[in-house]
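Working notes, beginning with the structure itself.
The values are calculated or read from the model by the stated rules, or taken from the named source; none is laboratory data. Remember, predicted model here, so these are calculated numbers, not experimental data. Here the Cβ is made from the backbone with ideal geometry for all residues, glycine too, and neighbour counts use every protein chain on show.
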Amino acid sequence: MPRALSARFRRAHRLVVPLAAAPLLLTAASGSLYSLLLERGIDAFWLIKIHTGRFGPINLQPYYSLLLGALTLVVISSGLAMLLSSARSRA
């Protein structure tokens with residue numbers, strides 16, 4: 001694979017990963033924090049709302065799981081494309 005294509009994959013991956021990582025990290029953090037608080041007897045139900053995609057007036061709950069799944073697949077596919085292009089260029 002030409003170097004230009006490999007560089008294009010790298011650029012796309014650098015753009016996509018921060019956009020995809022933000023909601024994934026938010027979901028993981030809110031779920032973990034809710035679990036920790038619940039064990040201490042603190043009911044922080046607002047964390048579950050964030051965990052499931054309800055951000056105040058913005059309600060993404062019907063689409064949030066699909067969005068997280070799609071973002072995960074995009075990050076994996078862009079990373080694999082970058083990995084495969086670098087492996088082919090070495091061969």
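Is it true that ARG14 is within 30 Å of SER85 (Cβ to Cβ), among the charged types (D, E, K, R), touching a helix residue (DSSP H, G or I) at 6+ places or on another chain (Cβ under 7 Å) and in a helix (DSSP H, G or I)? Considered against the rule, which asks whether it is within 30 Å of SER85 (Cβ to Cβ), among the charged types (D, E, K, R), touching a helix residue (DSSP H, G or I) at 6+ places or on another chain (Cβ under 7 Å) and in a helix (DSSP H, G or I), ARG14 comes out as no. May I ask you to list the residues in region 20-71 that are within 23 Å of MET82 (Cα to Cα) and touching a helix residue (DSSP H, G or I) at 6+ places or on another chain (Cβ under 8 Å)? Those that are within 23 Å of MET82 (Cα to Cα) and touching a helix residue (DSSP H, G or I) at 6+ places or on another chain (Cβ under 8 Å): ALA20, ALA21, PRO23, LEU24, LEU67, LEU68, LEU71. For region 58-91, give me each residue that is within 21 Å of LEU25 (Cα to Cα) and not in a helix (DSSP H, G or I). Across region 58-91, the qualifying residues are ILE58, ASN59, LEU60. Each residue in region 29-86 was checked for being among the aromatic types (Phe, Trp, Tyr) and either in contact with a strand residue (DSSP E or B) (Cβ under 9 Å, 6 or more places away or on another chain) or over 26 Å from ARG14 (Cβ atoms) (or both), and 4 of them qualify.
Looking across region 33-56, the residues that are closer than 22 Å to THR72 by Cα, more than 16 Å from the chain's Cα centre (by Cα) and at pLDDT below 95 come down to LEU47, ILE48, LYS49, ARG54, PHE55. If you go through region 34-57 and keep only what is of a type in the set (Val, Ile, Thr) and either in a strand (DSSP E or B) or over 17 Å from ALA20 (Cα atoms) (or both), you end up with ILE42, ILE48.
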